[in-house]
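Report on the following structure.
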Amino acid sequence: MRHLLGIKYLAVEEIEDILNVADNFKEVINRPIKKVPSLRDITIANLFFENSTRTRISFELAEKRLSADVINFSSSGSSVKKGETLLDTVNNILAMKVDMIVIRHATPGAPVFLSKRIDAQIVNAGDGTNEHPTQALLDCFSLREKLGTLKGANIAIVGDILHSRVALSNIFALKKLGANVRLCGPVALIPRYITELGVEIDYNLESTLQWCDAANMLRIQLERQNIKYFPSLREYAMQYGLTLPLLEKINKNIVIMHPGPINRGVEITSEVADCGQSIILNQVENGVAVRMAVLYVLANSRGIVKR
Ligand code: CP
């Protein structure tokens with residue numbers, strides 16, 4: 001593995017390898033001394049051209065737990081605002097002897113574009129509506145912890161599939177790991193040809209919940225919607241919002257997930273987000289171990305890991 005550009009490019013064995021390494025790092029970050037020297041003398045730049053809370057902090061913590069040197073860049077307040085191109089920005093940062101870059105960008109394909117033009121290793125931290133590979137890996141890690149295995153598990157992804165990089169990366173990862181995937185949401189928010197990826201579609205939330213072992217409730221990405229896909233958020237919540245009465249009605253102990261940030265009262269109510277079946281904060285916790293594993297596996301592929 002030279003880069004992590006998307007789950008689409010990973011073999012099943014590579015995904016399983018990352019999840020197994022993450023198991024070890026989860027044990028490490030629960031020790032009193034949470035740091036290991038694996039990436040000592042390696043410099044990693046976190047380049048965030050789009051907003052982030054979880055992914056940015058999680059990568060920074062993962063890098064620090066691995067003893068890497070860390071640089072944080074966000075496009076707001078940078079020379080991007082003066083018109084500097086992505087490639088010039090990255091090349092200038094690399095000139096300062098940076099070994100790896102973690103990049104979040106609003107343009108689908110930005111990490112692949114860079115991978116063809118620069119020498120450093122690249123980790124995709126979310127590229128527009130395309131992929132969010134580390135989110136899918138941490139989701140699979142969290143599901144595996146909860147369900148034991150993903151082989152044969154029924155996983156629902158609910159909401160704004162059309163604009164969701166989390167959905168696409170999860171579909172690739174879950175299918176590769178042997179899960180059954182069902183998508184649920186308004187007709188206008190489910191791409192017409194997505195069944196070619198081997199997923200089922202169900203436009204009814206209740207029957208989707210009856211079917212699944214776990215439901216990943218996605219955020220409505222209003223910032224990527226320049227036309228109306230449903231009449232109002234209130235109507236969306238009435239049809240596709242996960243509420244406690246609905247959960248009680250299906251009377252089944254399904255696992256509830258959300259990649260964050262949550263629109264409380266839209267895709268999920270506070271009562272459900274904070275209930276015992278929710279693993280939303282476990283997902284965030286596991287994100288650090290999974291990102292440590294990704295960085296470790298990438299560094300290991302270049303023989304630069306310190307033992
Ligand atoms: N899940 C996720 O990508 O959250 P952030 O946008 O806060 O990084």
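Things worth noting here:
- Charges were assigned to the Cβ only: +1 to each Lys and Arg, -1 to each Asp and Glu. The resulting dipole of the stretch 133-283 about its Cα centre is roughly 300 debye.
- Per residue solvent-accessible surface (Å²) - the chain, probe of 1.4 Å: 44 Å²
- Rounded percent of accessible protein surface that carbon and sulfur make up, the stretch 133-283, 1.4 Å probe: 51 percent
- Note on the stretch 1-99: with neighbouring protein chains present and a 1.4 Å probe, carbon and sulfur make up 49 percent of its accessible heavy-atom surface.
- The stretch 133-283 - Debye-derived log10 I(q)/I(0), Cα point model, q = 0.21 Å⁻¹: -1.49
- Computed with the Debye formula from one identical point scatterer per Cα of the stretch 154-201, without solvent, the log10 of I(q)/I(0) at q = 0.19 Å⁻¹ comes to -0.50.
- Two-decimal log10 I(q)/I(0) for the chain, as the Debye equation yields it once each C-alpha is a single scatterer, q = 0.07, 0.13, 0.16 Å⁻¹: -0.27, -0.91, -1.32
- Semi-axis lengths, Å, the stretch 63-204, gyration tensor of Cα atoms, sqrt of 5 times eigenvalues: 33, 19, 12
- Given Lys116/Lys306; Lys26/Lys116; Lys8/Lys252; Lys176/Lys252, the pairs whose alpha carbons are separated by over 30 Å: Lys26/Lys116; Lys8/Lys252
The values are calculated or read from the model by the stated rules, or taken from the named source; none is laboratory data. Here the structure is a predicted model, which means the values were calculated and not measured. So basically every Cβ, Gly included, is an ideal-geometry build from the backbone, and we count neighbours across all protein chains shown. Protein only, heavy atoms only, side chains kept; ligands, DNA and RNA dropped before computing areas. Shrake-Rupley method; radii C 1.70, N 1.55, O 1.52, S 1.80 Å.
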